[in-house]
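The values are calculated or read from the model by the stated rules, or taken from the named source; none is laboratory data. All values reported here derive from a predicted model rather than from experimental measurement. Counting neighbours? That spans all protein chains shown, and the Cβs are built from the backbone with ideal geometry, glycine included. Each accessible area value is taken on the protein alone, full model and side chains, heavy atoms only, with ligands, DNA and RNA left out. Shrake-Rupley method; radii C 1.70, N 1.55, O 1.52, S 1.80 Å.
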Amino acid sequence: MSHGSLTLPARLSLLAWDTARPPAGGTAHPAGPVRAGALVDLARRGLLTDVAGVATPADMDSRSGDAVLDGLLELVHESCPHSWRTWVTLRARVTADAVREQFVAGGYLRAEKRRVLGVFPSVEYALERAAAVKVLREETREVLLGPLPAAGIAERDAAVAVLADAAGLLGAKAGERRVEELTERAAASVPALAGIVREVRTAVEASVPVPTPL
């Protein structure tokens, strides 16, 4: 499985891994950016539409064929109407955990059973494909910060870069003009997507913890 074939939430989950220093406990992916990626991916596919600011299933029976995306689509079907911003954090761990299980099945992660205090069973996750994550991170940084005009960037790559920037996953932030150019590029084939990307991007930025001064 190459990262080029991965969904938007899967790419954002991988970008959250620090290949030099994996987080303690193997919890590598913040849930908000991963959920934001899933929302944008479903909107790109025409499976979620915007109705007066509310994320709305376009069809009760349509599916994407991806377990993570279809799990979120089903959750939206079964829930009360919510805005795009609300869905970025509402039960977002469900989507992040589903992506993690896909990675285990696809060989990106290795599940390791542990016992907390020698008694309570627990599972930690170790990154198996650090090289793939490094390449994805470098490519996404180039999209965000490089010289290539937005028009020459793939729409999916632009969407990933915008959301990764909002979450602070790349170690550097782009200027507002570049982010807006990439937002428009992400929506080149689906004009209504630009507003959705802006909404979820704002929610992701708000969900990122502010570092506590030492």
Residue list for segment 68-84, restricted to those being surrounded by 14 or more Cβ atoms within 10 Å (Cβ to Cβ) and touching a residue at least 12 places away in the same chain (Cβ under 8 Å)
Val68, Leu69, Gly71, Leu72, Leu73, Leu75, Val76, His82, Ser83, Trp84
Within segment 146-214, which helices (runs of 4 or more DSSP H) (wholly inside it) include 3 or more residues that are over 13 Å from the mean Cα position of the chain (by Cα)?
176-186, 193-207
So which of Ala154, Ala192 is touching a strand residue (DSSP E or B) at 6+ places or on another chain (Cβ under 8 Å) and open to solvent by 20 Å² or more (accessible area, probe 1.4 Å)?
Ala192
Residues of segment 91-108 being aliphatic (A, V, I, L, M) and without any contact (Cβ under 8 Å) to a residue 40 or more places away in the chain, which ones?
Val94, Ala98, Val104, Ala105
Every residue in segment 91-115 that is more than 16 Å from the chain's Cα centre (by Cα), farther than 13 Å from Tyr125 by Cα and open to solvent by less than 50 Å² (accessible area, probe 1.4 Å), please.
Gly106
